[in-house]
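Okay, structure first, notes after.
The values are calculated or read from the model by the stated rules, or taken from the named source; none is laboratory data. Quick caveat, the model's predicted, so the values are computed rather than measured. In this analysis, Cβ positions are derived from the backbone assuming ideal geometry, glycine residues included, and neighbour counts consider all displayed protein chains.
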Amino acid sequence: MSLFTAILYVVLAPLVGGLISGLDRKISARMQGRIGPPILQPFYDVGKLFKKENLVVRRSQNMFMTFFVILSVFTGALFFAGGDLLLVIFALTLAGVFFVLGGYKSSSPYSFIGAQRETLQMMSYEPAIIIVAVAMFMVTGSFQVKDIVSYPRPLIMDLPGVFIAFLFILPIKFRKSPFDLATSHHAHQEIVKGITTEFSGRTLALIEIAHWYEYVFVLGVGYLFFANSVWVGLLMTFLIFELLLIIDNATARVRWQWMLVGSWGMAFLAGGVNIIFLMMRGYP
Amino acid sequence: MMLSLIVFLIAFPLIIALILGAVRKSSIYPVVIYPASVILMIASLGLIWHGAKAKASLFPAHTNWVEPTILIIEILIAVYLLLLAFKRKDMVVTGFVLVQTALLLAFHYGPGKEMHVAANLFMDQFSVLMGLIVGVIGGLIAVYAVGYMQDFHHHHHEVKDNRPQFFSLIFVFLSAMFGFCFSNNLFWMFLFWEITTVCSFLLIRYKQDEQSIANAFWALRWNLLGGLAFLVGIIFLYLNTHVAEMDKMLLLPKMLILLPVSLLCFAGMTKSAQLPFSSWLVGAMVAPTPVSALLHSSTMVKAGVYLVLRFASVLEGTTVGLLVAMVGGVTFLVASFICISQNDAKKVLAYSTIANLGLVILCAGIGSPEAVWAGMLLIVFHAISKGLLFLCVGSVENQTGSRQIEDMSGLVVRMPKVAVMIMIGIAGMFLAPFGMLISKWVVLRAVILVNPLISFLLIFGSAATLFFWVKWLGKVIMVEREYKTNESTVVKAQWLVLGSLAAMTILICAFFAPVAGFLVEPYIANIYHQVVSLGSGNMIIVAIMLTMVCMFPLTFLDYGKGVKVVDAYLGGANTGNKSMQFLGSLRDVKDMDMKNYYLQDYFSEARLMRLGVLVGILFVIAVVLIGAI
């Protein structure tokens with residue numbers, strides 16, 4: 001874990017993220033009894049977006065999104081370089097804030113509602129993800145990702161409750177049902193698309209690529225729970241992704257109240273019980 | 001040398017206050033206040049020389065006339081407050097003042113007659129840090145206030161122009177704050193504590209309408225209760241140990257001083273508006289904005305957390321400490337939640353101040369070296385960013401006549417420079433890599449090592465913080481319609497103040513490592529014999545993030561290039577005013593309007609406050625009771 005892995009992430013994450021996205025569409029289609037687009041379809045889509053005209057409502061709206069992209073890449077790079085997990089989370093929040101501000105800046109009612117819901121989503125998932133970091137620290141004695149990865153036991157054995165809390169907020173970060181409140185990839189929402197309604201062309205393509213970076217990063221956090229063995233870790237990460245798709249296709253979007261109460265409640269209860277157990281056992 | 005600097009810092013503002021009170025001409029405000037503030041700022045920067053010293057310096061400062069003068073001042077204050085309280089028929093205030101004065105006199109002519117104090121004044125890195133905040137931020141706010149009050153009376157003819165009193169109170173207050181920071185004699189400390197209470201009371205009722213007077217008495221009531229606890233605490237300490245000095249007190253065995261410390265913590269919590277006392281600070285927002293900035297966010301309320309943080313090493317590992325930490329943590333959580341449902345910008349700032357003071361109290365209760373490190377830096381970062389935000393809101397209110405966040409949409413076009421300052425201030429309050437977040441990060445790490453369950457208060461509170469700051473930021477940058485730019489009410493001196501506070505918000509993040517290394521870490525090393533730091537690897541990453549965020553303005557080089565501007569999508573055909581009106585399904589013209597979420601059902605002020613006060617009362621009673629046992 002070092003600068004090398006960080007560079008590897010910066011180069012490969014969009015490819016992997018794009019493939020994940022393509023796989024997502026294929027598997028989802030099969031679940032719905034359709035054939036679905038080719039696996040490489042997301043790349044074609046993004047490529048096409050790059051050729052399109054860049055329409056804006058407010059001239060400075062794209063600048064926020066540029067920073068969202070840069071900071072998303074930075075977040076993941078910091079994570080894959082083995083950096084401090086809390087610092088990674090702060091960088092993630094910073095990136096998210098720029099994304100939301102972009103939505104606000106474009107000043108259209110649909111992106112405005114989307115931006116607010118995105119903020120609500122951030123507020124919903126943040127406790128759970130910080131609790132993941134705290135609990136991992138309690139077990140491994142370090143916030144550094146590089147130390148957490150080299151912990152000899154699978155962390156899931158010590159952190160089942162925290163893992164459940166993490167699974168619960170995963171759809172938010174993947175913008176999947178039941179928590180795709182701010183924006184979604186479902187076809188019925190492609191025109192009026194929440195927070196990204198007023199973004200098009202090159203900027204929309206960049207936002208899409210930033211989301212690919214985020215996918216890889218979030219799955220990377222999931223991998224940490226099984227990190228003592230690479231192959232088990234990769235397999236479990238894939239299963240997490242699969243579970244996400246099943247949930248996406250089996251649920252309808254819920255109201256924000258459900259999301260907020262659900263993810264906070266889950267973080268508080270499952271995470272809290274887990275942490276109480278760790279405290280009773282003693283921690284470094 | 002240092003002693004004369006302290007005496008100057010206490011005496012000089014008093015002289016200025018006298019001049020301002022005596023000469024009743026509005027033309028002298030700039031002439032007197034600008035240079036006086038600059039002198040104060042420079043003088044307080046002189047305090048830095050002491051920072052290099054390893055140990056605290058003690059100054060005897062004995063003179064025959066000081067003790068009787070202090071008693072006379074205290075009696076005069078008591079008589080003045082009694083008169084006001086009688087007139088208002090406020091029996092609670094009357095009672096508090098009577099009990100306090102009786103106790104003080106009984107002590108002074110009874111057991112305290114023989115009291116010998118070796119060193120009345122002292123100075124260490126922590127008091128230097130506080131002195132710097134009072135001098136620099138206080139000086140800046142005083143400069144800002146000159147222009148603000150002029151505008152204020154221009155807009156509010158119903159308010160009687162009593163600026164001589166206003167400005168002299170501000171300077172009396174500054175003097176008292178310096179006195180508080182550098183007093184080693186606990187009875188001197190108490191005097192200065194009470195003077196700040198009275199200044200706060202008089203400044204809150206400045207507008208003299210019913211609301212202001214009621215809120216002022218409400219604030220006075222709680223602060224007097226705190227003052228009473230302070231007095232009982234130090235008298236108790238003296239009766240048991242014959243110690244009336246801060247430095248000697250901290251050397252006594254923990255068990256002996258736990259009750260006085262818990263009483264002083266109680267006093268600190270009232271001053272810092274922790275739950276269950278928080279409501280007075282919210283009410284205090286009726287005062288003119290510079291008062292809110294100076295007394296009720298940057299300095300006076302910091303006196304409370306300063307006091308509690310001084311006793312961190314005593315609180316560490318005790319049940320009292322844990323309970324103090326719980327009060328702070330619950331206050332942080334509840335006040336942050338309440339912010340979500342608030343639309344009044346000053347109220348948001350008030351609750352967020354309460355929340356951040358709670359965070360410092362939490363640090364003090366935890367009491368580990370890391371926690372104290374974070375607490376001290378929180379005081380600095382918060383004083384700067386919050387001072388800036390209050391002053392910006394004041395300017396917005398003077399310019400637009402409203403301080404509702406909903407009315408701030410398009411501010412980035414209407415008042416571009418102020419909007420940028422607000423953005424910097426808000427970023428300073430909650431966003432990585434700015435100061436508040438760095439300290440929060442250290443608090444989190446410190447709390448986990450002591451009790452991970454307390455960290456839950458911090459984690460959920462922070463999530464709420466994110467929500468309300470982002471939606472405010474969003475309102476400021478969005479552009480709903482076409483606006484005219486007008487920032488004419490902000491005068492040159494005020495720009496200078498706002499600009500320096502904004503620059504300080506950013507610079508203190510870039511250079512907080514030296515600040516911490518120079519003032520905070522030596523202080524901690526003295527007490528805990530331990531070194532605290534963030535780790536150089538993390539510091540580099542923080543520096544990288546800061547650089548990245550500061551590059552944001554560069555993107556404006558690309559402003560509007562390669563894009564085509566179109567109307568916003570409104571769900572109907574756009575018509576009339578661009579992006580603002582559309583045709584409804586019956587071909588009628590509809591206006592578009594955008595309002596933020598306030599989540600009233602979940603984060604209503606009344607309900608959360610009730611709950612918070614209840615929990616707060618339980619914890620605060622427990623603090624004192626367990627201290628007594």
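Out of A:210, A:205, which single residue is under 18 Å from residue A:91 (Cα atoms), among the hydrophobic types (A, V, I, L, M, F, W, C) and out of contact with any Gly (no Cβ under 7 Å at 6 or more places or on another chain)?
Values: A:205 fails: under 18 Å from residue A:91 (Cα atoms).
Among A:210, A:205, only A:210 is under 18 Å from residue A:91 (Cα atoms), among the hydrophobic types (A, V, I, L, M, F, W, C) and out of contact with any Gly (no Cβ under 7 Å at 6 or more places or on another chain).
Please tell me if residue B:413 is part of a helix (DSSP H, G or I) and either more than 14 Å from chain A (Cβ to nearest Cβ) or surrounded by 24 or more Cβ atoms within 10 Å (Cβ to Cβ) (or both).
no
Residue B:358 versus (1) of a type outside the set (A, V, I, L, M, F, W, C); (2) surrounded by fewer than 24 Cβ atoms within 10 Å (Cβ to Cβ); (3) in a helix (DSSP H, G or I): which is the lone unmet condition?
The one condition residue B:358 does not meet is (2).
Taking residue A:159 as the residue in question, decide whether it is surrounded by 24 or more Cβ atoms within 10 Å (Cβ to Cβ) and in contact with a Lys or Arg (Cβ under 8 Å, 6 or more places away or on another chain).
Working: surrounded by 24 or more Cβ atoms within 10 Å (Cβ to Cβ): yes; in contact with a Lys or Arg (Cβ under 8 Å, 6 or more places away or on another chain): no.
Taking the combined requirement at face value, the residue does not satisfy it.
Considering only residues that are surrounded by 22 or more Cβ atoms within 10 Å (Cβ to Cβ), within 13 Å of chain B (Cβ to nearest Cβ), assigned to a helix (DSSP H, G or I) and not hydrophobic (A, V, I, L, M, F, W, C), which ones fall in the stretch A:37-90?
A:61, A:62, A:72, A:75, listed by residue number.
Which of the residues spanning the stretch B:603-620 are within 19 Å of residue B:339 (Cα to Cα) and free of Cβ contacts under 8 Å to residues at least 60 places away in the same chain?
Of everything in the stretch B:603-620, those that are within 19 Å of residue B:339 (Cα to Cα) and free of Cβ contacts under 8 Å to residues at least 60 places away in the same chain turn out to be B:606, B:607, B:610.
Can you tell me which condition residue B:565 does not meet? The list is (1) closer than 29 Å to residue A:255 by Cα; (2) surrounded by fewer than 18 Cβ atoms within 10 Å (Cβ to Cβ), and all the others hold.
Unmet for residue B:565, out of (1) closer than 29 Å to residue A:255 by Cα; (2) surrounded by fewer than 18 Cβ atoms within 10 Å (Cβ to Cβ): (1).
Suppose we keep only residues that are surrounded by fewer than 24 Cβ atoms within 10 Å (Cβ to Cβ) and in a helix (DSSP H, G or I) within the stretch B:477-493. Which one would you say is nearest to the other protein chains (Cβ to nearest Cβ)?
Initially, the stretch B:477-493 is screened for residues surrounded by fewer than 24 Cβ atoms within 10 Å (Cβ to Cβ), giving B:479-489, B:491-493.
Subsequent filtering for residues that are in a helix (DSSP H, G or I) retains B:492-493.
Values: B:492: 28, B:493: 30 Å.
Within the stretch B:477-493, the match that is nearest to the other protein chains (Cβ to nearest Cβ) is B:492.
Answer yes if at least one residue in the stretch A:219-239 is of a type in the set (Phe, Trp, Tyr), under 17 Å from the mean Cα position of the chain (by Cα) and modelled with pLDDT under 90, and no otherwise.
Among the residues of the stretch A:219-239, not one is of a type in the set (Phe, Trp, Tyr), under 17 Å from the mean Cα position of the chain (by Cα) and modelled with pLDDT under 90, which makes the answer no.
Per-residue answers, yes or no, for (1) at pLDDT below 90; (2) over 22 Å from residue B:297 (Cβ atoms):
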position	(1), (2)
B:390	no, no
B:395	no, no
B:408	no, no
B:416	no, yes
B:422	no, no
B:426	no, no
B:437	yes, no
B:467	no, no
B:479	yes, yes
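Test residue B:252 against the stated conditions and say whether it is at pLDDT 95 or above and of a type outside the set (D, E, K, R). I'd like the intermediate steps shown before the answer.
Details: at pLDDT 95 or above: no; of a type outside the set (D, E, K, R): yes.
No: the conditions fail for residue B:252.
Which pairs turn up if I take residues in the stretch A:46-73 that are closer than 17 Å to residue B:413 by Cα and look for partners that are surrounded by 18 or more Cβ atoms within 10 Å (Cβ to Cβ) and among the acidic types (Asp, Glu) with beta carbon separation below 9 Å, at least 6 apart in sequence or on another chain?
Hits for this filter: A:57/A:198; A:58/A:198; A:61/A:198.
Within the group B:623, B:532, B:515, B:520, which residue is under 28 Å from the mean Cα position of the chain (by Cα), surrounded by 13 or more Cβ atoms within 10 Å (Cβ to Cβ), farther than 29 Å from residue B:318 by Cβ and in contact (Cβ under 8 Å) with a residue 24 or more places away in the chain? First the steps, then the outcome.
Working: B:623 fails: farther than 29 Å from residue B:318 by Cβ; B:532 fails: farther than 29 Å from residue B:318 by Cβ; B:520 fails: farther than 29 Å from residue B:318 by Cβ.
Step by step, each of B:623, B:532, B:515, B:520 is checked, and only B:515 is under 28 Å from the mean Cα position of the chain (by Cα), surrounded by 13 or more Cβ atoms within 10 Å (Cβ to Cβ), farther than 29 Å from residue B:318 by Cβ and in contact (Cβ under 8 Å) with a residue 24 or more places away in the chain.
Take the conditions modelled with pLDDT under 95 and within 19 Å of the chain's Cα centre (by Cα) and apply them to residue B:270. Does it pass?
no
Could you please let me know if residue B:390 is surrounded by 24 or more Cβ atoms within 10 Å (Cβ to Cβ), within 23 Å of residue B:290 (Cα to Cα) and in contact with a helix residue (DSSP H, G or I) (Cβ under 8 Å, 6 or more places away or on another chain)? Lay out the reasoning, then the answer.
On the way: surrounded by 24 or more Cβ atoms within 10 Å (Cβ to Cβ): yes; within 23 Å of residue B:290 (Cα to Cα): yes; in contact with a helix residue (DSSP H, G or I) (Cβ under 8 Å, 6 or more places away or on another chain): yes.
Yes: the conditions hold for residue B:390.
Name the residues in the stretch A:222-257 that are surrounded by 15 or more Cβ atoms within 10 Å (Cβ to Cβ) and within 14 Å of chain B (Cβ to nearest Cβ), would you?
Scanning the stretch A:222-257 gives a single hit, A:256.
Of the residues in the stretch B:16-54, how many are free of Cβ contacts under 8 Å to residues at least 40 places away in the same chain and under 25 Å from the mean Cα position of the chain (by Cα)?
Final tally of qualifying residues: 3.
Could you check the stretch B:508-565 for helices (runs of 4 or more DSSP H) lying wholly inside it with 3 or more residues that are more than 14 Å from every other protein chain (Cβ to nearest Cβ)? I'd like the intermediate steps shown before the answer.
Working: elements: B:512-515, B:521-528, B:536-550.
The helices (runs of 4 or more DSSP H) meeting that bar are B:512-515, B:521-528.
Right, residue B:402: in a helix (DSSP H, G or I) and of a type in the set (S, T, N, Q) or not? Please lay out each step first, then the result.
Numbers: in a helix (DSSP H, G or I): no; of a type in the set (S, T, N, Q): yes.
In short, no.
Hey, can you tell me all the residues within the stretch B:424-468 that are at the interface with chain A (Cβ under 9 Å from one of its Cβ atoms), farther than 22 Å from residue B:361 by Cα and surrounded by fewer than 24 Cβ atoms within 10 Å (Cβ to Cβ)?
Of everything in the stretch B:424-468, nothing turns out to be at the interface with chain A (Cβ under 9 Å from one of its Cβ atoms), farther than 22 Å from residue B:361 by Cα and surrounded by fewer than 24 Cβ atoms within 10 Å (Cβ to Cβ).
For residue B:396, which of the numbered conditions (1) within 12 Å of chain A (Cβ to nearest Cβ); (2) surrounded by 22 or more Cβ atoms within 10 Å (Cβ to Cβ); (3) not in a loop (DSSP other than H, G, I, E, B) fails to hold?
Against the list (1) within 12 Å of chain A (Cβ to nearest Cβ); (2) surrounded by 22 or more Cβ atoms within 10 Å (Cβ to Cβ); (3) not in a loop (DSSP other than H, G, I, E, B), residue B:396 comes up short only on (1).
When the residues of the stretch B:67-79 are filtered to those that are without any contact (Cβ under 8 Å) to a residue 60 or more places away in the chain and surrounded by 13 or more Cβ atoms within 10 Å (Cβ to Cβ), which remaining residue is nearest to residue B:225 (Cα to Cα)?
At the first step, the residues of the stretch B:67-79 found to be without any contact (Cβ under 8 Å) to a residue 60 or more places away in the chain are B:67-69, B:71-72, B:75-76, B:78-79.
Checking which are surrounded by 13 or more Cβ atoms within 10 Å (Cβ to Cβ) leaves us with B:67, B:71, B:75, B:78.
Numbers: B:67: 24, B:71: 20, B:75: 17, B:78: 14 Å.
In this case the residue turns out to be B:78.
Filtering the stretch A:94-108 down to residues that are in contact with an Asp or Glu (Cβ under 7 Å, 6 or more places away or on another chain) and assigned to a helix (DSSP H, G or I), which residue is farthest from the other protein chains (Cβ to nearest Cβ)? Talk me through it step by step, then tell me what you get.
Restricting attention to the stretch A:94-108, the residues satisfying the condition of being in contact with an Asp or Glu (Cβ under 7 Å, 6 or more places away or on another chain) are A:99-100, A:103, A:106-108.
Now drop any that are not assigned to a helix (DSSP H, G or I), which leaves A:99-100, A:103.
Numbers: A:99: 10, A:100: 6, A:103: 8 Å.
Result: A:99.
Just one of the numbered conditions (1) under 30 Å from residue B:566 (Cβ atoms); (2) modelled with pLDDT under 95 is not true of residue A:27; which one?
So the condition that residue A:27 fails would be (1).
Could you list all residues from the stretch B:128-184 that are small (Gly, Ala, Ser), part of a helix (DSSP H, G or I) and crowded, with 22+ Cβ neighbours inside 10 Å? Don't jump to the end; show me each part of the working.
Taking the stretch B:128-184 first, the residues small (Gly, Ala, Ser) are B:131, B:135, B:138-139, B:142, B:145, B:147, B:168, B:175-176, B:179, B:183.
Filter once more, keeping what is part of a helix (DSSP H, G or I): B:131, B:135, B:138-139, B:142, B:145, B:147, B:168, B:175-176, B:179.
Once the filter is applied, which keeps residues that are small (Gly, Ala, Ser), part of a helix (DSSP H, G or I) and crowded, with 22+ Cβ neighbours inside 10 Å, the stretch B:128-184 yields B:131, B:135, B:138, B:139, B:142, B:145, B:147, B:175, B:176, B:179.
Evaluate the following for residue A:29: is it in contact (Cβ under 8 Å) with a residue 24 or more places away in the chain, on the phi < 0 side of the Ramachandran plot and not polar (S, T, N, Q)?
No, not satisfied.
Please verify whether the stretch A:195-204 includes one or more residues that are more than 19 Å from residue A:243 (Cα to Cα), in a helix (DSSP H, G or I) and aromatic (Phe, Trp, Tyr).
The answer is no; no qualifying residue exists.
Quick one: in the stretch B:185-201, of everything that is hydrophobic (A, V, I, L, M, F, W, C) and within 18 Å of the chain's Cα centre (by Cα), which residue is surrounded by the most Cβ atoms within 10 Å (Cβ to Cβ)? Please lay out each step first, then the result.
Applying the first criterion (hydrophobic (A, V, I, L, M, F, W, C)) to the stretch B:185-201 yields B:186-193, B:195, B:198-199, B:201.
Remaining after also requiring within 18 Å of the chain's Cα centre (by Cα): B:192-193, B:195, B:198-199, B:201.
Working: B:192: 22, B:193: 26, B:195: 20, B:198: 21, B:199: 24, B:201: 23.
Ranking the candidates gives B:193 first.
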